[in-house]
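Visitor: I'd like to ask you about the structure that follows.
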Amino acid sequence: MVLMKALPAKREIEAPRTSRAGLVSVAISILSLGLVWFEVVHHLQSEWSFNPQYSYGWSVPFLAMFLLWRRFLTRPRPAPRPPPKFWPTAVIVGGAVLLFPVRFLSAANPDWRLLSWAGAFFALAISLSSLFLAGGRPWLRHFAFPMFFMLVAVPWPVQFEQSFTQTLMRAVTGTNVFGLNVAGVPALQHGNVIEVGSGLIGIEEACSGVRSLQATFMVSLFLGELYQFSTLRRLSLVLAGGILAFFCNLVRTAFLVWVGTQHGASAIHAWHDPAGLTILLCCLIGLWLTSLCLGRGYTGSMTVAEGKENEFGWRLPLGSGAMLPVWIIIIEVSTLIWYGVHLSAIQSSPWTVNWPTAQEEYREVAISPEAEGILRYNEGGGGSWKAKDGHPWVMYYFRWGPGRTAALFVKNHRPDVCLPASGMTLVRDDGIHLLEVKGIKLPVRSYRFDYRGSALNVFYCYWDAKSSYETTAAANTEDWTFKGRIGAALKGRKEMGAQMLELVVWGYEYDNEAKAALEEQLVKILSRG
């Protein structure tokens, strides 16, 4: 009832009348644009399914269709004069042609966010040009927002997302440390980790606020459109949503840190998800109440042409509309054929690991539920032991099946990204070198860290079926460069899963000693797949 009162009053609009030819053109155009956006959703679905940060993306296409339908019911008259057809048709044709390389490259690089944005912008250009042909500038202005709304489901660029997330995590950590000290609880900040008397408490991505911030941004835009707010009111709602998201997550982390100080870090896991769900609901309710306050006494900004019958005036040529579905089918079939022909050339996993359970003081290392939720691996775990020379070792091994976009998660959670956030200092990155063990060539990246005066050597190996590691090691970088990604597609190396091995050892004064010890351990651990 409150929702209905908040909505602007309906205007009496005469029902539009459309010819049979117009209906056929509309049906073909809707099918064409639907297939174009299906290509975009097909590329984004892996991110929405396996990355909790963007799981809200599944709701965005349905919300966008709802907003389009509401705009359709209040559509203005088409422009009195037919718009020029050359440049809108050229944009449609150009966007459709460029969808082919996007789809072709995405089969080998499902985690490449550049393709996500490229595909979304091409689909947006095709859609807006079609609307311009259909009703001129009045329709372009009227339907633009629901089309642009789809962009909120596209993942942020990796570097920007990493920087933003780490900034938020440090801000939340620092604020909690300040609050604890004010409350008389001694606390120290080590990156994203809080040291208290009961132990170490980590602030991970879920507590940074970036997940709820993105979802709140989407909801605030939707509510602004639902209530037909003016531009200023919509911006105010977005700003209020950002403040609410940060404040609510700050309350959540403060509560979890308090639980950790009182009952130990292990007690946090029992409250992590309930606290997160409660705070999310509070944030959304607060955002909705804010929208009601902004909409008080407001009748909406959307104007509709009234008077004579509201003709459809759909001017998208039938031939152009009918060719788009055919072109999308050609793109899909040719992509399937290309990667299908090269499938036999893709090398299956040449190695696997044997957990060193016979080693001295061996024990399993539990993977936290938060890490499992982020990595979404098919198989894996951790273990620790002590070598014969007395040095402690820790090993993590994870394997992802086809289509799990493992490169994305591993790239975002490599040692040089995660360990500095845990209070460690990166001393040196020696890059990638091919290490041959039992005839298996492993691309191993070597790091050296300092943690409170203690030396750590970290050895990290990422393997997938499409990379050429002889080239990678020579270039001293992962094959996730622009050139490497395109090369993988041209060779038909489809994303077929991956595996990651990470070994950490303490106490070696010299790197060459640590690397020699690594080879000894790998002989015991590795076996052919």
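The values are calculated or read from the model by the stated rules, or taken from the named source; none is laboratory data. Please read these numbers as outputs of a predicted model, since none were measured by experiment. For neighbour counting, all protein chains shown are included, and Cβ atoms are generated from backbone atoms with ideal geometry for every residue, glycine included. Note: areas computed on protein heavy atoms with side chains; ligands, DNA, RNA excluded. Shrake-Rupley method; radii C 1.70, N 1.55, O 1.52, S 1.80 Å.
Visitor: Given the structure, is TRP48 of a type outside the set (S, T, N, Q) and either closer than 22 Å to PRO402 by Cα or modelled with pLDDT of 90 or more (or both)?
Guide: Yes.
Visitor: For region 111-120: of the residues being out of contact with any His (no Cβ under 7 Å at 6 or more places or on another chain) and part of a helix (DSSP H, G or I), which is most open to solvent (accessible area, probe 1.4 Å)?
Guide: LEU114
Visitor: Of all residues in region 463-513 being open to solvent by 30 Å² or more (accessible area, probe 1.4 Å), of a type in the set (Phe, Trp, Tyr) and within 28 Å of PHE104 (Cβ to Cβ), which is modelled with the lowest pLDDT?
Guide: TRP480
Visitor: If you don't mind, there's one more thing I want to ask. Which residues, counting only those in region 174-195, are assigned to a helix (DSSP H, G or I) and in contact (Cβ under 8 Å) with a residue 40 or more places away in the chain?
Guide: Result: THR175, ASN176, GLY179, LEU180.
Visitor: Show the residue pairs meeting these rules: Cβ distance below 9 Å; 6+ apart or different chains; first residue within region 277-305 and among the hydroxyl-bearing types (Ser, Thr, Tyr) and buried (at least 18 other Cβ atoms within 10 Å of the Cβ); second residue at pLDDT 85 or above and not in a helix (DSSP H, G or I).
Guide: SER291/TYR227; SER291/PHE229
Visitor: A follow-up question, please. Given the conditions (1) at pLDDT below 90; (2) surrounded by fewer than 20 Cβ atoms within 10 Å (Cβ to Cβ); (3) in contact with a Gly (Cβ under 8 Å, 6 or more places away or on another chain), report the number of the one that GLY453 does not fulfil.
Guide: (3)
Visitor: Hey, another quick one. Conditions first: (1) surrounded by fewer than 19 Cβ atoms within 10 Å (Cβ to Cβ); (2) at pLDDT 85 or above; (3) touching a Leu at 6+ places or on another chain (Cβ under 9 Å). PRO138 passes all but one, so which condition is the exception?
Guide: The single condition PRO138 does not satisfy is (3).
Visitor: Another question about this same structure. Only one of ALA144, ALA123, ALA108 is modelled with pLDDT of 90 or more, of a type in the set (A, V, I, L, M, F, W, C), on the phi < 0 side of the Ramachandran plot and open to solvent by less than 10 Å² (accessible area, probe 1.4 Å); which?
Guide: Of ALA144, ALA123, ALA108, the one residue that is modelled with pLDDT of 90 or more, of a type in the set (A, V, I, L, M, F, W, C), on the phi < 0 side of the Ramachandran plot and open to solvent by less than 10 Å² (accessible area, probe 1.4 Å) is ALA123.
Visitor: Name the single residue, out of those in region 87-96 being free of Cβ contacts under 8 Å to residues at least 60 places away in the same chain and open to solvent by less than 80 Å² (accessible area, probe 1.4 Å), that is nearest to the chain's Cα centre (by Cα).
Guide: Among them, the one singled out is GLY95.
Visitor: Oh, and also: Hey, can you tell me all the residues within region 283-297 that are in contact with a Leu (Cβ under 9 Å, 6 or more places away or on another chain) and outside any helix (DSSP H, G or I)?
Guide: GLY295
Visitor: Take the conditions of a type in the set (Phe, Trp, Tyr), over 23 Å from SER49 (Cα atoms) and modelled with pLDDT under 85 and apply them to TYR460. Does it pass?
Guide: Against the criterion (of a type in the set (Phe, Trp, Tyr), over 23 Å from SER49 (Cα atoms) and modelled with pLDDT under 85), TYR460 does not qualify.
Visitor: Is there any pair with a first residue in region 436-462 that is within 16 Å of ARG414 (Cα to Cα) and a second that is of a type in the set (Asp, Glu) and at pLDDT 90 or above whose Cβ atoms are under 8 Å apart and which are 6 or more apart or on different chains, and what are they?
Guide: Pairs found: VAL458/GLU502; PHE459/GLU502; TYR460/GLU502; CYS461/GLU502.
Visitor: Got a sec? Which of PRO101, PRO84 is open to solvent by 50 Å² or more (accessible area, probe 1.4 Å), assigned to a loop (DSSP other than H, G, I, E, B) and without any contact (Cβ under 8 Å) to a residue 24 or more places away in the chain?
Guide: Just a single option satisfies the conditions, and that option is PRO84.
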